[in-house]
Amino acid sequence: MSSERPQSAESLRAATDRPPRWYHPLAQRNYRLFVAIQLAGSTGIWMQRLAQDWLVLQLTGSPAAVGVAVALQFLPMLVVGPLSGILVDLYPKRRILLVCQAITALLALALAVLDAGGGITVWAVYACCVALGITSAVDGPARQVFVNEVVGDAALRPAIGLNSAIGQLGAMLGPALGGLLIARIGSAAAFAANALVCLAVLGLIAAIRTSQLYPSAPPLRGRGQVLAGFRYVRHRPSLALVMLLAGLLGAFGMNGPVVLAAFAEDVWHSGAAGFGMFNTFSALGALAGALLAARLRTLGRKGIVASAGLFGLTQLIAALMPTQELFVAMLVLVGVMTLLFLTSAATTVQLEAGAGVRGRVLALYLPLLLGGHALGGLLAGWLTEEFGVRTGLVVTGALGMLSAAVIGLLLWLNARRRTEAS
């Protein structure tokens, strides 16, 4: 087979600003492999995160301890994240992904062996949470930026939108599959499954043809690379506000591991089977949301704010459902709104970030989103223990709606100032 480089993005855009229909990113072999990498990798990592959270709950019986586990998985991103953006912009993304997947596989295998052998402790789980958080802080931005090198500029917009939807879909499918494995076999099976997924992902990454990539020119080396990412975002208020909204929704809305475990144990008394069922129906909603997001391509800033508000509202309503059946039905809607918001926000952030600084911008965005998720895990755990899981979910849902209203107002004021200035 020929290893000749594909036609350049510039020549594809010569006749029209829109790429021809045949140039859809899925027409490229490398991108089809990347889609499989993104779906499998995201599903596996979230399956492991859920298994870690459930194992901590079983070891301690404390929702607050689960909140600590969630925080330890994501807080390292707040520290490592900005530095990882420099690595992503300066070094080959494919090589970074290979190293990160190998480390993730070793962590999953270690937990599987310890859990199956009965030697697992909560401190061992916490240590793996921290190690996984550091690895994810590098892997996440590298995975997001690598899509640009896989498809080139001509098909970047549809590729980013599809990539974001698939990544978020994996974030919903992973807990669903993990819940089923935990219910039927045990948490050790979920860790072992992720180790196998990581090995498969390593093979898929190795199969990507480097001769058909579109490598971007690395930025000039020197001091101030981290600050350059901050300055880029600071000078674009609308971009900064979308990123802030993602962080707030991460804190107030993405608390599934704590909330669903508590509902299964304390409200509906359905145990691991109910926990798996809740995650499965959330994943079905996520699938519907991913398909809808791909069809809409982008919601625009008004749509992003609206989907964020509906995200909080559906969570609030779910907390008030009188039966488990109605609660499960609302989880489907929560999954839909989760994917609509996250996919649209991620697509907006990536498209507004210039190619030379995209890694550093994403290294700010992802820690903000997932760091908010970490803080939200602590908040949800505390609210659940102090006031009950229903009250906790009502409070976080209301805070999500308030966040959407405030950010929406700030975006409107910023747009009005720009209009008046012009």
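Some notes on this structure:
- Per-selection Rg to Rh, segment 262-369 - Cα, Kirkwood hydrodynamic radius: 1.07
- Cα-based Rg / Dmax (Å) for segment 85-178: 16.0, 53
- Working ranking of peptides 95-102, 331-338, 136-143 by packing, defined as the average number of other Cβ atoms within 10 Å per residue, highest first, is 136-143, 331-338, 95-102.
- Stretching Ala127 away from Asn414 to a fully extended chain increases their span by 99.0 nm, per 0.36 nm per residue minus the current alpha-carbon distance.
- Gain on full extension, evaluated as 0.36 nm per residue between Ile185 and Arg236 minus their Cα-Cα distance, stands at 13.4 nm.
- Here the calculated FRET efficiency for Leu292 and Ala329, from their Cβ-Cβ distance with R0 = 22 Å, stands at 0.80, rounded to the nearest 0.05.
- Length gained on full extension, Val99 to Ala116, computed as 0.36 nm times the residue gap minus the Cα-Cα distance: 3.5 nm.
- FRET efficiency estimate (nearest 0.05) - Cβ-Cβ, Glu352 to Glu386, R0 41 angstrom: 0.55
Every read-out reported here was derived from the displayed coordinates using simple, explicitly stated rules and does not represent laboratory data. Fair warning: this is a prediction, and the values are worked out from it, not measured in the lab. Every residue, glycine among them, receives a Cβ derived from its backbone with ideal geometry; neighbour counts consider all protein chains shown.
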